[in-house]
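Contents: one structure, followed by commentary.
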Amino acid sequence: MEKIKCLIIGSGPAGYTAAIYTARAGLKPVVYAGLTPGGQLTTTSEVENFPGYPDGVNGTVMMDDLRRQAERFGADIRQGEITSVGLSVRPFRVTTDESHQIEAESIIVATGATALYLGLPSESRYIGMGVSACAVCDGFFYRGRDVAVVGGGDSACEEALYLSTLCRQVYLVVRKPFLRASKHMQRRVFETSNIEVLFEHTTQEVLGDESGVTGARLGKADGTVREIAIEGFFPAIGHSPRTEIFRGQLRLDPDGYILTGPAAADPDAETDSDPATPYPTSTSVRGVFAAGDVADRVYQQAITAAAAGCRAALDCERFLLDE
């Protein structure tokens, strides 16, 4: 049984930043990078909104930079994933995909969230070549061009509104005959001249060639088919936090995001102060912290994930000192 002070589950901006800070604090963190080392940014061709890269940076290169920085300070970064966790008692017991057993005095969860896609083969073919699940990340590349956003909720409307400030034409493809977004958000969409809402339309195929996306074939509820010429295709149908192994052990919100800080406190507790959550990034289990998209359903940006990784690392260090 391997015994460690700090286990970081997941990589990406949150996990690697937490590794940098905990390693510099002498906690000798062990990081299990997961099935996608570096997280979602490794599927992004160019990142232009992360401070410190004035000319932009390839997402995979950026994650490699963070990984090497963490290793420079002594973080032990391993390939593979954690398949089970036992959080009922400390030290916590976890098992890896190679059946390796670990006892950890503290855990930082940075497993991230997965953007939901429509599941079309043509959509998968053009991810990073015109298909993107983050308008804020990639919208800049479509200035003056025509794009489509798929979805009818607040997230889809926010994406469409953001893109409308950059793009010539934005199509909002909505499966239902109405928007699910808030009334305020709906009003903003309908008042934006370069957003065209296509109600009762579904995407049948993303069209493209070797250069990337060139259009989309849409089917309407009445059986008619329409093709639109676009260069960017943005599914905005939500994210799925990677919290499967923590269900029943950490307090989650209805959509599966890990609750932290005061929100993680037991609503049935007799006192207002839950001893399990004295730190902002604490989860409902004392000694377990969460950072990045796995606990953030609002911002979901590389920079906010990195900041959360820093906060979780500092909270973890203080927790271990207090112990």
Residues of segment 250-280 classified as modelled with pLDDT of 90 or more and assigned to a loop (DSSP other than H, G, I, E, B), total: 11
It is to be established whether one or more residues within segment 207-214 are under 18 Å from Ala156 (Cα atoms), out of contact with any Pro (no Cβ under 8 Å at 6 or more places or on another chain), in contact (Cβ under 8 Å) with a residue 12 or more places away in the chain and outside any loop (DSSP other than H, G, I, E, B). no
Can you tell me which residue is farthest from Ala14 (Cα to Cα) among those in segment 67-88 that are surrounded by fewer than 18 Cβ atoms within 10 Å (Cβ to Cβ), modelled with pLDDT of 95 or more and over 22 Å from the mean Cα position of the chain (by Cα)? Gly86
Do you know which residues across segment 222-249 are β-branched (Val, Ile, Thr) and assigned to a strand (DSSP E or B)? Val225, Ile228
Just to be sure before I move on: is Val173 of a type in the set (Val, Ile, Thr) and either more than 16 Å from Tyr142 (Cα to Cα) or over 28 Å from the mean Cα position of the chain (by Cα) (or both) in the structure I sent? yes
Within segment 181-200, which residues are surrounded by fewer than 16 Cβ atoms within 10 Å (Cβ to Cβ) and either part of a helix (DSSP H, G or I) or modelled with pLDDT under 95 (or both)? Ser182, Lys183, His184, Arg187, Phe190
All but one of (1) touching a residue at least 60 places away in the same chain (Cβ under 8 Å); (2) over 19 Å from the mean Cα position of the chain (by Cα) hold for Cys134; which doesn't? (2)
Expected single match for over 15 Å from Val288 (Cα atoms), of a type in the set (S, T, N, Q), touching a Phe, Trp or Tyr at 6+ places or on another chain (Cβ under 7 Å) and touching a residue at least 24 places away in the same chain (Cβ under 8 Å) among Thr83, Thr96 is Thr96
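The values are calculated or read from the model by the stated rules, or taken from the named source; none is laboratory data. Since the structure is predicted, the reported quantities are computational estimates derived from the model, not experimental observations. Glycine also receives a Cβ, built like all others from the backbone with ideal geometry; neighbour counts cover every protein chain displayed.
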